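This report refers to the structure that appears directly beneath it.
Please treat every number below as a calculation from the coordinates, not as lab data. Given the structure is predicted, the values throughout are model-derived calculations rather than measurements. Virtual Cβ from ideal backbone geometry, glycine too; neighbours counted across all protein chains shown.
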Amino acid sequence: MWYFRLALMVIATILGVYYILMTVKGQKYAHLTGNLTKEQFSNVDLCAAGFAMQAGKLLAFRGRIAKKLVNEARLLYGGNDNDTMYYARLYYARSISITVMIVAIMLGIAAILGDALGIVMVAAAAVMGYAVWQDSADEMKKKLEKRREACMDEFPDVISKLALLASSGDTLYQAWEKVARSKDSEIYRLMEASCVRIRDGGTSVKDGIYGFAIATGSPEIRKFASLMIQSMEKGGSDLIGFLTGQSNELWSQKRVRMLKKGDEAAAKLLLPTVMMLCGILLIIIGAVAMSMSGSI
């Protein structure tokens, strides 16, 4: 099957040369990643080639993937449209750069191996390329999910503080600003960012609070923000009662969520535990069998 190996070698060579050319061409995009460190953004050295790739028609930043990345970047990084587009293109650049590099290397190995092993490597290249692409392209989605979980864990505490401050005579914005400064964690930083938009950006309190709810990525928090805005539009006379009622409900929901997480953690530990028990049983059975065979 020399023609199979030749075809693989040609494809791997084309991809390898393409990647090298894009790496050289990508030097003019180096300023786009110059301020990023490896701690801030993994595989940042590979992004320059990705920026060069998306400058062409074949891998241009467009379509459903581009829309998905832009929406995720808007939620994760906020800021203006330029910041949103920068981060969306940055993640896309890294994704296509790593994928092309991995596929080129694995196809080159497949060409060297040839025959049956070569076919296996081609399949592995397809699977690995897809897995690498998916993992890199979904990184913002994973960060947003992690942030949503962190915000939901602390949200009942936030509402309890708001209810306490509102009942002591503070306006909603005064209470909101005090709570935002009371702790340094994900949800409090998002609250502080909304305060900056209200205080310095001319955003209304209602829009600032709803913008905060959207940034958390939590449907539950968005629902709460909508209900609170409706209460404010009615004059805010029932705001304290609303916050108190929401606080009690959220603490109940958190207890249920914690129990569910405990059950999920126990389920994940079940399989390793069963495997360990099976291993121990095999060792015991093996020792007994050896002992019996020795006595015979």
(message) Calculate log10 I(q)/I(0) of the range 111-202 for q = 0.14 Å⁻¹, where I(q) comes from the Debye formula with a single equal point scatterer on each Cα and nothing for solvent.
(response) -0.65
(message) At a 10 angstrom cut-off on C-beta neighbours, averaged per residue, how do the peptides 69-78, 119-128 rank from highest to lowest?
(response) 69-78, 119-128
(request) Compute the Rg to Rh ratio over the range 32-105 from the alpha carbon atoms, using the Kirkwood formula for Rh, and round to two decimal places. (result) 0.96
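Once you wrap a convex hull around the alpha carbon atoms of the range 121-260, what is its projected area averaged over all directions, in nm²?
Values: hull surface 43.5 nm².
Hull-based average projected area comes out at 10.9 nm².
Stick to Cα atoms and the Kirkwood definition of Rh, then tell me Rg/Rh for the range 157-214. Kindly include the intermediate steps, with their values, before the conclusion.
Values: Rg = 10.6 Å, Rh = 11.3 Å.
For the range 157-214, the value is 0.94.
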(message) Considering just Cα atoms, how many Å³ per residue does the convex hull of the chain enclose?
(response) 207
(message) Which aspartates and glutamates, if any, have their Cα less than 15 Å from the Cα of Lys183, not counting same-chain residues under 8 positions apart?
(response) Asp153, Glu154, Asp157, Glu192
(request) Could you work out the equivalent-ellipsoid semi-axes for the range 1-158, taking the square root of 5 times each eigenvalue of the Cα gyration tensor, largest first, in whole Å? (result) 34, 19, 12
(message) Quick check on packing: order 152-162, 94-104, 174-184 by the mean number of other C-beta atoms within 10 Å, highest mean leading.
(response) 94-104, 152-162, 174-184
(request) In a Gaussian network model over the chain where Cα atoms closer than 10 Å are linked, find which of Leu281, Leu239, Leu46 has the largest mean-square fluctuation. (result) Leu281
(request) Distance check, please: which entries in Lys67/Lys178; Lys146/Lys206; Lys38/Lys146 exceed 30 angstrom between their Cα atoms? (result) Lys67/Lys178
